[in-house]
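Visitor: For reference, the structure I am asking about is given below.
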Amino acid sequence: MDTALLLNVEGIKKTILHGGTGELPNFITGSRVTFHFRTMKCDEERTVIDDSKQVGQPMHIIIGNMFKLEVWEILLTSMRVSEVAEFWCDTIHTGVYPILSRSLRQMAEGKDPTEWHVHTCGLANMFAYHTLGYEDLDELQKEPQPLIFVIELLQVFYFYWYSTSIFVFKSLELYPHPQSSWFVG
């Protein structure tokens, strides 16, 4: 359980709680990453804000797809499959978390996370309505603070497209070769 600063990234500390398996995956743009997360405040009680295991569904993001909370890509790409790590992230990385959390909660409740706003960005809508709809997130939005993310990396899915068409002849018909992909984990 060594605590270390994440190399070349200010405001992040990583503690490995459970070592992963194999080598560090090659997180290329377009990789689909599946993980569980728990978000906690840095208070004495380590108050839980969100927990994907309680919702019963892991989170998925695509690397390089400009995810709302950019720090998660940094955290995930430092992990091995099956690794569980705790990350302390300073306020510079967590400012948009309340808006992301609101969307995740809306989806978990089976609601469309975009139905509440007019056609502006999420932050402008928050100011238009003066609330995110959840007291704890409103408080976090008013007083940004460092957060702790406990992340369990479940799998990395690489998706490769052939740059040139490969054809297979079968019964005098031309069939394009299916796209190639594989899982790590």
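The values are calculated or read from the model by the stated rules, or taken from the named source; none is laboratory data. Since this is a predicted model, take the numbers as computed values, not measurements. Cβ placement follows ideal geometry from the backbone for every residue including glycine, while neighbour counts extend to all protein chains displayed. The area values use the complete protein model at the heavy-atom level, side chains included, leaving out ligands, DNA and RNA. Shrake-Rupley method; radii C 1.70, N 1.55, O 1.52, S 1.80 Å.
Visitor: Quick check: is even one residue across segment 19-27 over 16 Å from Ile151 (Cβ atoms), in contact with a Gly (Cβ under 9 Å, 6 or more places away or on another chain), among the β-branched types (Val, Ile, Thr) and modelled with pLDDT under 95?
Guide: no
Visitor: Go through (1) at pLDDT 85 or above; (2) open to solvent by 40 Å² or more (accessible area, probe 1.4 Å) for Lys111 and report which single condition fails.
Guide: Only one criterion in (1) at pLDDT 85 or above; (2) open to solvent by 40 Å² or more (accessible area, probe 1.4 Å) is unmet by Lys111, namely (1).
Visitor: Still on this structure: Looking for something among the charged types (D, E, K, R) and open to solvent by less than 40 Å² (accessible area, probe 1.4 Å) - is there at least one such residue anywhere in segment 50-69?
Guide: First pass over segment 50-69, keeping only residues among the charged types (D, E, K, R): 50-51, 53, 68.
In the following step, the residues that additionally are open to solvent by less than 40 Å² (accessible area, probe 1.4 Å) were identified as 50-51.
Yes: segment 50-69 contains one or more residues that are among the charged types (D, E, K, R) and open to solvent by less than 40 Å² (accessible area, probe 1.4 Å).
Visitor: In segment 51-97, what count of residues is obtained for those that are part of a strand (DSSP E or B) and free of Cβ contacts under 8 Å to residues at least 24 places away in the same chain?
Guide: Going through segment 51-97, the residues part of a strand (DSSP E or B) turn out to be 51, 59-62, 81, 84-89.
Okay, now just the ones that are also free of Cβ contacts under 8 Å to residues at least 24 places away in the same chain, so 51.
Here the count works out to 1.
Visitor: Against the conditions (1) closer than 22 Å to Leu132 by Cα; (2) touching a Lys or Arg at 6+ places or on another chain (Cβ under 7 Å); (3) open to solvent by less than 50 Å² (accessible area, probe 1.4 Å); (4) modelled with pLDDT of 95 or more, where does Ala85 fall short? Just the number, please.
Guide: Of the numbered conditions (1) closer than 22 Å to Leu132 by Cα; (2) touching a Lys or Arg at 6+ places or on another chain (Cβ under 7 Å); (3) open to solvent by less than 50 Å² (accessible area, probe 1.4 Å); (4) modelled with pLDDT of 95 or more, the odd one out for Ala85 is (1).
Visitor: Return the pairs, sorted by first residue and then second, in which the second residue is part of a loop (DSSP other than H, G, I, E, B) and open to solvent by less than 30 Å² (accessible area, probe 1.4 Å), the first residue lies in segment 20-48 and is acidic (Asp, Glu), the beta carbons are less than 7 Å apart, and the residues are 6+ apart or on different chains.
Guide: Close Cβ pairs (under 7 Å, with a partner that is part of a loop (DSSP other than H, G, I, E, B) and open to solvent by less than 30 Å² (accessible area, probe 1.4 Å)) do not exist here.
Visitor: Let me ask something else. Among the residues of segment 25-47, which ones are in a loop (DSSP other than H, G, I, E, B) and open to solvent by 80 Å² or more (accessible area, probe 1.4 Å)?
Guide: Across segment 25-47, the qualifying residues are Asn26, Thr29, Glu44, Glu45, Arg46.
Visitor: Hey, another quick one. Name the residue, out of Tyr162, Tyr175, that is in contact with a strand residue (DSSP E or B) (Cβ under 6 Å, 6 or more places away or on another chain) and at pLDDT below 65.
Guide: Exactly one of Tyr162, Tyr175 is in contact with a strand residue (DSSP E or B) (Cβ under 6 Å, 6 or more places away or on another chain) and at pLDDT below 65, namely Tyr175.
Visitor: Assuming Gln106 fulfils every condition listed in (1) without any contact (Cβ under 8 Å) to a residue 40 or more places away in the chain; (2) open to solvent by 60 Å² or more (accessible area, probe 1.4 Å) apart from one, which condition is it?
Guide: Status for Gln106: all satisfied but (2).
Visitor: Taking the condition under 29 Å from Gly56 (Cα atoms) and either at pLDDT 85 or above or among the basic types (Lys, Arg) (or both), does Cys121 pass?
Guide: Answer is no for this residue.
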